[in-house]
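Colleague: Dumping the structure here so I can ask a few things about it.
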Amino acid sequence: EVQLVESGGGLVQAGGSLRLSCAASGFTFEDYAIAWFRQAPGKEREGVSCIHSSDGRLWDALSVKGRFTISSDNAKNTVYLLMNSLKPEDTAVYYCALALKCESDPLLMDYWGKGTLVTVSS
């Protein structure tokens, strides 16, 4: 059974940093891409960043480019999202999601974690 478990969310002041983790199990890690999405209250889910465990980084949202860094630790079957220079508009529930290829459309992702809340105060 595919499982994706996010952790690391919390309350952070603007300008601060936070690292999210997505622990994955139930599949061959090197065959899949894992993406981070986020959903703010009242807004649609949007793609943040994506990495293929074998191919590396494939895309980042323009709104986070230069501030967020996705990485993969294949030995731990874990994908991270390091978020620097956080802004109040980054406040959202952050989800990791699985597919064979990196996709920016959440409808094209096959499996989802339950999310972790990031709140950035001004």
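Colleague: Where the accessible area of the chain is counted over protein heavy atoms with a 1.4 Å probe, how much of it, in %, is carbon and sulfur?
Modeller: Working: 3060 of 6330 Å².
Reported share for carbon and sulfur atoms: 48 percent.
Colleague: A follow-up question, please. Sticking to Cα atoms, compute the Rg of the chain to one decimal and its Dmax as the biggest Cα-Cα distance, whole number, in Å.
Modeller: 13.2, 41
Colleague: I would also like to ask the following. When only the heavy atoms of the protein chains count and the probe is 1.4 Å, how do E46, E6 rank by accessible area, highest first?
Modeller: Values: E46 75, E6 20 Å².
Order by accessible area, largest first: E46, E6.
Colleague: When you take every Cα atom in the stretch 63-122, what is the radius of gyration, and what is Dmax, the widest Cα pair distance, in Å?
Modeller: Cα only, the stretch 63-122: 12.8, 38 Å (Rg, Dmax).
Colleague: Suppose all protein chains stay in the model; what accessible area per residue would a 1.4 Å probe give for the stretch 6-110, in Å²? Let's see the in-between values first.
Modeller: Numbers: 5150 Å² over 105 residues.
Accessible area per residue: 49 Å².
Colleague: While we're here: Put L98, L117 in order of accessible area, largest first, 1.4 Å probe: what do you get?
Modeller: Values: L98 0, L117 100 Å².
Final ranking, largest accessible area leading: L117, L98.
The values are calculated or read from the model by the stated rules, or taken from the named source; none is laboratory data. Note that the structure is predicted; figures quoted are calculated from it, not measured. Calculation scope for accessible area: heavy atoms of the full protein, side chains included, ligands and nucleic acids excluded. Shrake-Rupley method; radii C 1.70, N 1.55, O 1.52, S 1.80 Å.
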